[in-house]
Amino acid sequence: MLCRNVVKQNSPLCDNAASISKQIASYLSLIGCSFTFFFMMFHKKYKSFTNRLILALLLPSFIVPCTCLNRNFYNQDDNKTSDDQHLLNKTLCIASAFIFNFGIVSQRLIILCVSIYLLLLVTSAPRFRYLELSFHVFIWSTALMDSLIPLYSNKYENATDWCWIKEFKFQMGCYYGPMLTFLVVEICIYAIIIKKIREEFVGADRIDPDRYAWYKKYIKPIYYYPLVNIVLAIPTTGFRVYDHFHGDDPRGKVYCALLTLHATIFPLWGLVYSLMFLLDVDTRRLLLPSILCRDIYNASIGIVSSSRLNSRTHVF
């Protein structure tokens, strides 16, 4: 689950395939995140707690591709760089590693909170105000503390061929251990959610239309986010496991294929979340050419009217 700029002693073909796929996926993810963000702002979708959770997902999904696109600041020959340039490269490498770790940890935590939110929806009626505050405190404080530990211990540096945590025990303690734990918890929670939804909401559109309308409003928009996240985590986790046990031969075809798949999927979260957001019926309706042109026209009229009102107020 790392973004490598250079793969360790791979064949040039494998290096190029992984690098190109990673860059394409990163750019697509940035485009998807930007589109979804401006779409939600334009239509004021952020007023819904469910959509605010999706907005929170866009932040780390935007950060991770940005760090994947940067160059390796510290993987340079010290004899060819001045002391000032070397210090700058090292500082940029540490900053990139810190932001990268913060992004991937916070993304996993947000998906965990989405799973908990869905579980609460199908089992009780949560108080959204305090629940949202609790989620944000948990997500950002945990991700920050997890990223500060390697920084305080001076473990962010050039880890062979990328900027991240160098020592394996810190990688296990600050990333692999928590991430795998959260993933297992998410799978267990999601299994309970599926069972509850099948028991209470399957066929509810015919039996209890009001309850089914509540399901469509609160549960359905984010129901598949944890599932898709879990599915996409399987190839990247499989690559890390294979790399740990069979990484001594990085020139193998299996290793190269898994690496390319990993490099493609890992920065692609933002695009995937954007496509899932577009699967919503109401969202697709707002993207119809006639409705889209109408909304843009009304927004432009509102801006012009507001500017005229402000100018008159200024004159008087």
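The values are calculated or read from the model by the stated rules, or taken from the named source; none is laboratory data. Keep in mind that this is a model prediction, so the values were computed, not measured. As a convention, Cβ positions derive from the backbone with ideal geometry for all residues, glycine included, and neighbour counts pool all protein chains shown. Surface areas here come from the heavy atoms of the whole protein model, side chains and all, with no ligands, DNA or RNA. Shrake-Rupley method; radii C 1.70, N 1.55, O 1.52, S 1.80 Å.
Of note:
- In region 273-280 there is no residue matching the filter, namely being open to solvent by 90 Å² or more (accessible area, probe 1.4 Å), at pLDDT below 75 and in a helix (DSSP H, G or I).
A quick yes/no check of all residues on (1) at pLDDT below 85; (2) β-branched (Val, Ile, Thr); (3) open to solvent by 70 Å² or more (accessible area, probe 1.4 Å):
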position	(1), (2), (3)
LYS90	yes, no, yes
LEU109	no, no, no
CYS113	no, no, no
PHE135	no, no, no
TRP140	no, no, no
GLU167	yes, no, no
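- Of everything in region 191-212 that is hydrophobic (A, V, I, L, M, F, W, C) and modelled with pLDDT of 80 or more, the residue that is farthest from CYS113 (Cα to Cα) is ILE197.
- Complete set of residues in region 115-125 that are open to solvent by less than 40 Å² (accessible area, probe 1.4 Å) and under 11 Å from PHE135 (Cα atoms): TYR117
- Top-ranked residue in region 1-17 [being open to solvent by less than 20 Å² (accessible area, probe 1.4 Å) and more than 25 Å from LEU57 (Cβ to Cβ); ranked as modelled with the lowest pLDDT]: VAL7
- Scanning region 178-216 for residues that are farther than 23 Å from VAL105 by Cα, touching a residue at least 40 places away in the same chain (Cβ under 8 Å) and open to solvent by 60 Å² or more (accessible area, probe 1.4 Å) yields ILE192, LYS196, GLU200.
- Scan of region 59-84 for residues that are open to solvent by 10 Å² or more (accessible area, probe 1.4 Å) and at pLDDT 90 or above, ordered by number: LEU59, PHE62, ILE63
- Those residues of region 29-48 which are farther than 19 Å from TYR218 by Cα, aliphatic (A, V, I, L, M) and surrounded by 15 or more Cβ atoms within 10 Å (Cβ to Cβ), in sequence order: LEU30
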